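> Shown below is the structure under consideration.
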Amino acid sequence: MNDDVVKRVKQVAIPQHLIDASTEDLKSSAEESIEPKKEEIDLNDPKLKEKYIFNFSWEDGRGKTWEGVFANKILSIKEQQAVGVMRASLNGGIEFKAMDPFTAEINLIISHLAFSLVQKPEWAEELRELKDVSLLQALYGEVAEHEATFFGY
């Protein structure tokens, strides 16, 4: 077999990063993937506060921009329970396992935002009247990011 072909086969069969790395380097890399280094926390990050005020702007597929100032609060356990009760109510008595994933997600988001958003623009007063689920998901993404930062996830 041609030496050039053998080299190419070896490169495909054994990834170059495995050839170039020592066993100790590979071990260190594996350890880091299991226990990643903690990033330094910016104590001035507004998402570390229980109440997070943010400007929201999102453009839909038709070019309309949805924007406004929102305030999200971290929910107490009692409020999280109430979110679950509201979500079950929105499910209309249908068991969670029987609910289609799309509707289950919408019900989760609506329930959560109903309790966590303490300030919102007029267009967001009745989230169930919105037409574009992607808008709802984008808004929930901001809220989820606040919560993840607050809890150190």
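The values are calculated or read from the model by the stated rules, or taken from the named source; none is laboratory data. The structure presented is a predicted model; accordingly, all values stated were derived computationally and were not measured. We place every Cβ from the backbone using ideal geometry, glycine too, and count neighbours over all the protein chains shown.
> Among the numbered criteria (1) farther than 15 Å from TYR140 by Cα; (2) surrounded by 10 or more Cβ atoms within 10 Å (Cβ to Cβ), which single criterion is violated by GLY63?
Among (1) farther than 15 Å from TYR140 by Cα; (2) surrounded by 10 or more Cβ atoms within 10 Å (Cβ to Cβ), the lone unmet condition for GLY63 is (2).
> A further question follows. Give the residue, chosen from ASP45, ASP60, that is closer than 30 Å to ALA124 by Cα, among the acidic types (Asp, Glu), modelled with pLDDT under 90 and within 23 Å of the chain's Cα centre (by Cα).
ASP45
> Quick check on my filter: what residues within region 127-142 are free of Cβ contacts under 8 Å to residues at least 40 places away in the same chain and among the small types (Gly, Ala, Ser)? Walk me through how you get there before you give the answer.
Here is the first cut: in region 127-142, the residues free of Cβ contacts under 8 Å to residues at least 40 places away in the same chain are 127-131, 133, 136-137, 140-141.
Hit for region 127-142 is GLY141, nothing else.
> I'd like the full set of residues that are polar (S, T, N, Q), surrounded by fewer than 17 Cβ atoms within 10 Å (Cβ to Cβ) and assigned to a helix (DSSP H, G or I), limited to region 97-142.
Pass one, region 97-142, residues polar (S, T, N, Q): 103, 107, 111, 116, 119, 134, 137.
So of that shortlist, the ones also surrounded by fewer than 17 Cβ atoms within 10 Å (Cβ to Cβ) come out as 103, 119, 134, 137.
Residues satisfying the conditions are THR103, SER134, GLN137.
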